[in-house]
Amino acid sequence: MRAVVIGAVLVGLVSSQAFAQGNAGFTMGDIYATHEVLQKRAQTTSMLESPGSPLGQLSKASKKWIREETRRQSANPTTADDLAAAVSVALERDEAYLARSQRLDPMDVTRIVTLLIAADAEDHAITAMKKAQKAGDAAALQAAADRAAKATQNRKDAGAMQTDVSMALAQM
């Protein structure tokens, strides 16, 4: 009886702690994995140029497209689903090659590239918002804040798309 009461108290403490942190419904491993990927990644280009990263095997044209898409997403964010569709179309050949060589599902490559683009676009949009705030132009600040909010939502949506395999790919 005593063990049951202690167990119930511990479960209540752990679940209330997770809920208080806003992590209800997620395992701590998922949260730490996503945080680790985003912390290790300074910019998409670092993942693309890293010699040990499978994303380093992408063609120059694909890497260029990813950089340009990051700029486009920071200036005019679309939804994460639209971004994933664009990534899948633009990187179709490299995605297929990389999936075969690494024995992955091609969608895992799409998912992680989508997350990296969305995260970098969010960083750029927040930087633009801070610049607009310093400039003091209310209209520019509002537009930049809207873009930053959309970019943040896209990053969250792209993070929700991830699988264990795509997160492992990002950590390589």
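The values are calculated or read from the model by the stated rules, or taken from the named source; none is laboratory data. In this text the structure is predicted, and so the values were computed from the model without any measurement. Methodologically, a virtual Cβ is constructed for each residue, glycine included, from the backbone with ideal geometry; neighbour enumeration extends over all protein chains shown.
Side notes on the structure shown:
- Only residues that are of a type in the set (S, T, N, Q), at pLDDT 85 or above and assigned to a helix (DSSP H, G or I) were counted in region 79-105, giving 1.
- Looking across 165, 113, one residue alone is more than 15 Å from residue 58 (Cβ to Cβ) and either in a helix (DSSP H, G or I) or at pLDDT 90 or above (or both). It is 165.
- Leading residue by the ranking (surrounded by the most Cβ atoms within 10 Å (Cβ to Cβ)) among those in region 90-114 that are free of Cβ contacts under 8 Å to residues at least 24 places away in the same chain and more than 19 Å from the chain's Cα centre (by Cα): 99
- Considering each residue of region 56-75 in turn, at least one proves to be of a type outside the set (D, E, K, R), modelled with pLDDT under 80 and part of a helix (DSSP H, G or I).
- Test result for residue 146, over 17 Å from residue 85 (Cα atoms), part of a helix (DSSP H, G or I), out of contact with any Gly (no Cβ under 9 Å at 6 or more places or on another chain) and assigned by TED's automatic domain parsing to the domain that holds residue 85: yes
- Among residues of region 115-152, those that are touching a residue at least 24 places away in the same chain (Cβ under 8 Å) and either surrounded by 21 or more Cβ atoms within 10 Å (Cβ to Cβ) or within 13 Å of the chain's Cα centre (by Cα) (or both), counted: 14
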